[in-house]
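Encoded as structure tokens, the structure appears first; notes follow it.
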Amino acid sequence: MHVITSVAEMQQIAETARQQGRSVGCVPTMGSLHNGHGSLIAASAERHALTVTSVFVNPTQFGPHEDYDAYPRDLDGDIATIRAHGGTHVFAPSVAEMYPEGFTTSIRVGGVTEVLEGARRPGHFDGVATVVCKLLEAMRPTEAFFGQKDYQQTLVVKRMVRDLFLPVKITVMPTVREDDGLAMSSRNVYLSADQRNKATTIYRALLAAQDLLSETEDTISRQAIEHAMTLVISHVPEFEIDYAVAVDADTLQEQEAYATGDRVALLIAAKLGTTRLIDNLVVTV
Ligand code: PAF
């Protein structure tokens, strides 16, 4: 598979395809691909003549003490995964290609970036929004696929696309899980065998809250939902909970209570040793 490293070449391939009436789908990734990414590539390949997967570990979305240098990189393995799921092209630019000397522009999305991951990881979503905008401009897709695993990120990308009139459809695909429910993530490789067994507790906490919401007949307090999640996680004392919240699924704002028909996002971030895990479920009460 031809690995495209230049933005100009990528744009030309996408433009030529579109002029020939061949649609382009894209899957932006930071590599270290697993079956979660595979499901996005397969969904795109079903609908589009070209499916471009970008593999770019984006330095601007990592904080100074985060794992940019250690982030797992395996382009050969990624190419095999892309091929196995029906991807047709790989776009793997260098940092210098994406952020040439003198680069100063940044995109800041408001609102949904101000809480949760955005509040804890200053600048993270500026880095995400900026690189996603640049990747879309390079790959020129008609549709771009993202995983629900990074729920807040999907809201940020949708907001940016709407606000900047970007001509692309954003499609969010369900989180892909291991057999025991752990959400697939490139960072799961950091877990020891013991931590890996315990990590599934996050999903069980989300299910406990989901059960509570499905039994709710009228209204339920946010506190009761959040308590159900923290109670499950507290059975594993090694977990350090960052947040376990029930928020409005569109705005990410906390409400005191939720009523029948409300869409609630259940979001958890917790550390197991040095590995920070995130997961979520979106539930209608
Ligand atoms: O979800 C990711 O892998 C990254 O945040 C993304 C969207 C590829 C931007 O670097």
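The values are calculated or read from the model by the stated rules, or taken from the named source; none is laboratory data. This structure is a prediction, so every number in the text was calculated from the model and none was measured. Every residue, glycine as well, gets a Cβ built from its backbone with ideal geometry; the counts of neighbours run over all protein chains shown. These area figures cover heavy atoms from the full protein model, side chains too; ligands, DNA and RNA do not enter into them. Shrake-Rupley method; radii C 1.70, N 1.55, O 1.52, S 1.80 Å.
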Give the angle, between 0 and 90 degrees and rounded to the nearest 10, that separates the Cα long axis of helix 201-215 from the longest principal axis of the Cα atoms of the chain.
-> 70 degrees
Approximate spin-label separation Thr104-Ser214, in nm, with each point projected 7 Å along Cα-to-Cβ = 5.5 nm
Given springs between every Cα pair under 10 Å in a Gaussian network model of the chain, which of His89, His65, His235 has the largest fluctuation?
-> His65
Tilt relative to the chain, helix 7-19 - C-alpha long axis, 0 to 90 degrees, to 10 | 90 degrees
Per residue value of the accessible surface for the chain (all protein chains in place, 1.4 Å probe), Å² | 46 Å²
Of all DSSP beta bridges in the chain, what percent run antiparallel (nearest 5)?
-> 55 percent
Helix 75-84: angle to the longest alpha-carbon principal axis of the chain, degrees 0 to 90, nearest 10?
-> 90 degrees
Run the accessible area of the chain with a 1.4 Å probe and give the carbon-and-sulfur part as a rounded percent.
-> 50 percent
Computed FRET value (nearest 0.05) for Ser221 with Gln11, which takes r as the C-beta separation and R₀ as 45 Å | 0.30
Cα to Cα, under 27 Å, and not fewer than 8 places away if on the same chain: which lysines meet these conditions relative to Lys134?
-> Lys149, Lys158, Lys169
May I ask you to order 140-152, 90-102 by the average number of other C-beta atoms within 10 Å around their residues, highest value first?
-> 140-152, 90-102
FRET efficiency for Ala70 and Glu238, Cβ-Cβ distance as r, R0 = 22 Å, nearest 0.05?
-> 0.60
Which residue, chosen from Gly118, Pro174, Cys133, occupies the Cα position most advanced towards the positive end of the dipole of the range 116-184, where the dipole is computed from +1 (Lys, Arg) and -1 (Asp, Glu) charges on Cβ about the Cα centre?
-> Cys133
